[in-house]
Amino acid sequence: LVPFISTLFLTLLLFFLALFPGAFSCCTKISDEIPKGILRRVERFEMQKADGLCHLEAVILYIEGRKFCVSPRIRKVKKWMKKNKHKIPRRKPHGRQQRRAKIIKKKEKKQ
């Protein structure tokens, strides 16, 4: 009976993780202040919306493999985000689009 219950629990846990992959990566607390030099060390950032699984609006700052959750209402953070939009990870085009982009770039270089 005990192995059955533990197997059932593990199966339900894996099923939950498959359906809701972001459930355990949400910011649950945010800071309303940010130290002076921290924004200079940010490698990338993400926006967390207060919908779906995450019930708190936040800016997630990634610094040296760690994540920091701060309020999106901090004036310094708003200004920094406008200036550093390029630090938002973007999806790379796949397949045909990617090859087409490379061909176009090569043609531009030749001209």
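For residues that are within 15 Å of Arg41 (Cβ to Cβ) and not in a strand (DSSP E or B), scanning just region 63-80, find the one that is modelled with the lowest pLDDT. Break it down into steps so the answer makes sense when it comes.
Step one: of region 63-80, the residues within 15 Å of Arg41 (Cβ to Cβ) are 63-68, 70, 76-77, 80.
With not in a strand (DSSP E or B) added as a condition, the list becomes 64-65, 76-77, 80.
Numbers: Glu64: 92, Gly65: 88, Lys76: 93, Val77: 93, Trp80: 92.
The selected residue is Gly65.
Going by the structure shown, is Ile60 at pLDDT 90 or above and touching a Ser or Thr at 6+ places or on another chain (Cβ under 7 Å)?
So Ile60 fails the test.
Does Ala101 qualify as being touching a Pro at 6+ places or on another chain (Cβ under 8 Å), outside any strand (DSSP E or B) and at pLDDT below 85?
Values: touching a Pro at 6+ places or on another chain (Cβ under 8 Å): yes; outside any strand (DSSP E or B): yes; at pLDDT below 85: yes.
Against the criterion (touching a Pro at 6+ places or on another chain (Cβ under 8 Å), outside any strand (DSSP E or B) and at pLDDT below 85), Ala101 qualifies.
Would you please list the contacts, defined by Cβ atoms under 8 Å and residues six or more apart or on different chains, that run from a residue in region 71-84 that is surrounded by 14 or more Cβ atoms within 10 Å (Cβ to Cβ) to a residue that is β-branched (Val, Ile, Thr) and part of a helix (DSSP H, G or I)?
That search, which allows pairs on different chains as well, returns Ser71/Val77.
Identify, please: which residue in region 31-52 is assigned to a loop (DSSP other than H, G, I, E, B) and open to solvent by 50 Å² or more (accessible area, probe 1.4 Å) and is, among those, modelled with the lowest pLDDT? Don't jump to the end; show me each part of the working.
Keep residues of region 31-52 that are assigned to a loop (DSSP other than H, G, I, E, B), which gives 32-35, 42-43, 49-52.
After this cut, where a residue has to be open to solvent by 50 Å² or more (accessible area, probe 1.4 Å) as well, the list is 32-33, 35, 43, 49-52.
Details: Asp32: 94, Glu33: 92, Pro35: 85, Glu43: 92, Lys49: 90, Ala50: 88, Asp51: 82, Gly52: 74.
It comes out as Gly52.
The values are calculated or read from the model by the stated rules, or taken from the named source; none is laboratory data. The structure presented is a predicted model; accordingly, all values stated were derived computationally and were not measured. In this analysis, Cβ positions are derived from the backbone assuming ideal geometry, glycine residues included, and neighbour counts consider all displayed protein chains. These area figures cover heavy atoms from the full protein model, side chains too; ligands, DNA and RNA do not enter into them. Shrake-Rupley method; radii C 1.70, N 1.55, O 1.52, S 1.80 Å.
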